[in-house]
Amino acid sequence: MAIHKGRGFACINYPIGMNLGGDPSQALVHSTPDGKFMVSLSSIDLGQGMKSVTRQIAAETLGVPVSDVYVDTADSDTGPHCMGSFASRGTHRVGNAVIRAATEARKALLEAAAEELEVNATDLETDGQGNIQVKGAPGRTITVADTAIAAQFKQGRTLSGRGIFLIPPSDVDPDTGEMTPVSCFAHAALVVDLEVDDETGEVSVTEINSAYEVGRALNPRLVEQQLIGGAWMGVSHALYETTEPYYPDRSHGPVDFNTYLMPGPGEVVNHNIAVLERPAEDAPFGGKGPGEMCANPVLPAIANAVYNAVGVRCDTLPITPEKVLRGILANGGARPQGAR
Amino acid sequence: MTKKPVQFQLNGSPVAVFSDEGQNLLDLLRRGVGDLSPKYGCGQGTCGSCTVIIDGEPRLSCLTLAETVEGQHVETTNGLANGPDLHALQEAFMENFAAQCGYCTPGMLMAAKALLDRTPRPSRAEIVEAISGNICRCTGYEPIIDAILAASGQPTRRTG
Ligand code: FES
Ligand code: FES
């Protein structure tokens, strides 16, 4: 009886969003009378950082400090339409809509400032610190706050913008079946090292090494956070969590956290991540977002590593000790595949 | 239903409320006192999101009969910050990106605080042990372990 080491590899091309129905999202941007900007979305931040990233995108586009931008994702009844937070589409689709809305709002902001400074709006620039100045004449300047006050109380103008991002619809060619369901892909490669106990059938992941290409990492720490948490979930799906219809039948299904298995803090393994930045052309500031694919490649990599360790090919998930032991038994013993 | 008066200290301030018969502390804190910082995850002691500190010990408030805290000191996440000054653990959770959806966070913070109050420089194994009753679906635990290491002034896996 022995512990066998195994290494498995997997890579992934992951579609960002889906092109069905154009996959639209909208954003509205408006300034408050004191020169702060509000971004209204119906896109939900469920912890992945939608609010942080759209805030950065809006601030960058408007040319104002991040601290002067608020993102409100409160309510799909009162907010502009969004398809939703799924399919890894948030950064790309919503980010693009925010850029458009913020661009329109910036135009209104510069026009209002131009009226106050009695210059042409095209001669103005923002310094990103809350000021608007005449290009080449930094002395002629007005704050964003004063511009907003003037727009609100003197000019009778809103500093606001609307934005929508819609992918051109792609129909299926009836002759060839050809279509373009996806316009933007992210990529990753991942290596899992693990150990298989051929007496108990237990699999323990020992290390994960991964490389992710997610366009530009708009918020590198958030990207890393997604990749760490997602890989944990991948390990959980590969080795622990059993979904419908359950084995051997539904009555064995988990009913609470006592019976629904997930790895705990004691099972955390070292995960080394390399993020490769290749800004995507049609993405907001080049960022595609890691999204769902942070969990996906872990599953096949673990399945491959189990095969590498003991020669058992598990083609259903999760890879339970029972499946590993039955596989070893059917093979007449563990068959380590060796290093390649 | 008979109501029972209960008096205890909540985050250093005296509280006097009536508890319903059989009411658990989580329910009393959230509905009776209005402290929404402890979260209801499972109501059966398996997730840790309702963790509070009672007389220095981490406790699952969903499994604690409310009337039993009579005369005791209860701490919740609401009491961690001192005005605008965040607790070292809150700062460290922020710096280490230890929360995503945040549902587990109050429980994690209280489990971690109970540990650090007892053991100011815990080992990684002690940290894992201290939060092993707290489920997190989002972070993969590593950033939380790092945050607790950082809050106790120790190097993290990230900072080496
Ligand atoms: S709500 Fe108390 S442990 Fe889950
Ligand atoms: S941050 Fe979502 S459960 Fe822990």
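The values are calculated or read from the model by the stated rules, or taken from the named source; none is laboratory data. Quick caveat: nothing in here was measured; it's all calculated off a predicted structure. Glycine gets a Cβ as well: all are built from the backbone with ideal geometry, and neighbour counts include every protein chain shown.
Observations on the structure shown:
- Odd one out for residue B:97, checked against (1) more than 14 Å from chain A (Cβ to nearest Cβ); (2) modelled with pLDDT of 95 or more: (1)
Okay, residues lined up against (1) touching a residue at least 40 places away in the same chain (Cβ under 8 Å); (2) surrounded by 18 or more Cβ atoms within 10 Å (Cβ to Cβ); (3) within 30 Å of residue A:20 (Cβ to Cβ):
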position	(1), (2), (3)
A:61	yes, yes, yes
A:84	yes, no, yes
A:94	yes, yes, yes
A:115	yes, no, no
A:136	no, no, no
A:151	yes, yes, no
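- Of the strands (runs of 3 or more DSSP E) lying entirely inside the range A:1-96, those carrying at least 1 residues that are closer than 29 Å to residue A:188 by Cα are A:3-15, A:25-31.
- Conditions (1) at pLDDT 95 or above; (2) more than 13 Å from residue B:107 (Cβ to Cβ): number failed by residue B:83: (1)
- Subset tally (residues that are among the aliphatic types (A, V, I, L, M) and either surrounded by fewer than 23 Cβ atoms within 10 Å (Cβ to Cβ) or over 14 Å from the mean Cα position of the chain (by Cα) (or both)) for the range B:20-51: 3
- Filter result (more than 14 Å from chain A (Cβ to nearest Cβ), within 13 Å of the chain's Cα centre (by Cα) and within 13 Å of ligand 1 (Cβ to nearest atom)) within the range B:52-75: B:52, B:58, B:59, B:61
- When residue A:80 is tested against (1) surrounded by fewer than 16 Cβ atoms within 10 Å (Cβ to Cβ); (2) of a type outside the set (Gly, Ala, Ser); (3) under 17 Å from residue A:61 (Cβ atoms), only condition (1) is not met.
- Pick from the range A:1-11, criterion modelled with pLDDT of 90 or more and either surrounded by fewer than 18 Cβ atoms within 10 Å (Cβ to Cβ) or in contact with a Phe, Trp or Tyr (Cβ under 6 Å, 6 or more places away or on another chain) (or both), ranking: farthest from residue A:99 (Cα to Cα): A:2
- Yes/no for residue B:47 being outside any loop (DSSP other than H, G, I, E, B) and touching a helix residue (DSSP H, G or I) at 6+ places or on another chain (Cβ under 8 Å): no
- When the range B:120-147 is filtered for residues that are away from chain A (no Cβ under 12 Å) and acidic (Asp, Glu), nothing remains.
- Of everything listed in (1) under 30 Å from residue B:156 (Cα atoms); (2) free of Cβ contacts under 8 Å to residues at least 12 places away in the same chain, the single unmet condition for residue A:277 is (2).
- The one condition in (1) more than 18 Å from the chain's Cα centre (by Cα); (2) over 18 Å from residue A:47 (Cα atoms) that residue B:146 fails to fulfil: (1)
- The single condition among (1) more than 10 Å from chain A (Cβ to nearest Cβ); (2) closer than 30 Å to residue A:291 by Cα; (3) not basic (Lys, Arg) that residue B:117 does not satisfy is (2).
- When B:144, B:131 are checked against the criterion of being more than 15 Å from ligand 1 (Cβ to nearest atom), aliphatic (A, V, I, L, M) and crowded, with 24+ Cβ neighbours inside 10 Å, a single residue qualifies: B:144.
- Matching residues in the range A:263-300 - criterion: being assigned to a strand (DSSP E or B) and closer than 30 Å to residue A:62 by Cα: A:275, A:276, A:287
- When restricted to residues that are surrounded by 11 or more Cβ atoms within 10 Å (Cβ to Cβ) and more than 14 Å from chain B (Cβ to nearest Cβ), the range A:244-270 contains 4.
- Which numbered condition residue A:256 misses (of (1) within 30 Å of residue A:53 (Cα to Cα); (2) within 16 Å of ligand 1 (Cβ to nearest atom); (3) not small (Gly, Ala, Ser)): (1)
- Only a single criterion out of (1) touching a residue at least 24 places away in the same chain (Cβ under 8 Å); (2) surrounded by 17 or more Cβ atoms within 10 Å (Cβ to Cβ) is not satisfied by residue A:33, namely (2).
- Candidate set: the range B:89-113, residues that are in contact with a strand residue (DSSP E or B) (Cβ under 7 Å, 6 or more places away or on another chain) and within 21 Å of residue B:42 (Cα to Cα); chosen: the one nearest to ligand 1 (Cβ to nearest atom): B:107
- Any hit, the range A:271-284, residues being over 16 Å from the mean Cα position of the chain (by Cα), under 30 Å from residue A:102 (Cβ atoms) and away from chain B (no Cβ under 14 Å): yes
- Within the range A:220-236, tally of residues that are surrounded by fewer than 19 Cβ atoms within 10 Å (Cβ to Cβ) and touching a residue at least 24 places away in the same chain (Cβ under 8 Å): 1
- Among all positions in the range A:296-314, there is no residue which is within 14 Å of chain B (Cβ to nearest Cβ) and at pLDDT below 95.
- Residue within the range A:242-249 that is among the polar types (S, T, N, Q), in contact (Cβ under 8 Å) with a residue 12 or more places away in the chain, in contact with a Leu (Cβ under 8 Å, 6 or more places away or on another chain) and under 30 Å from residue B:124 (Cα atoms) present: yes
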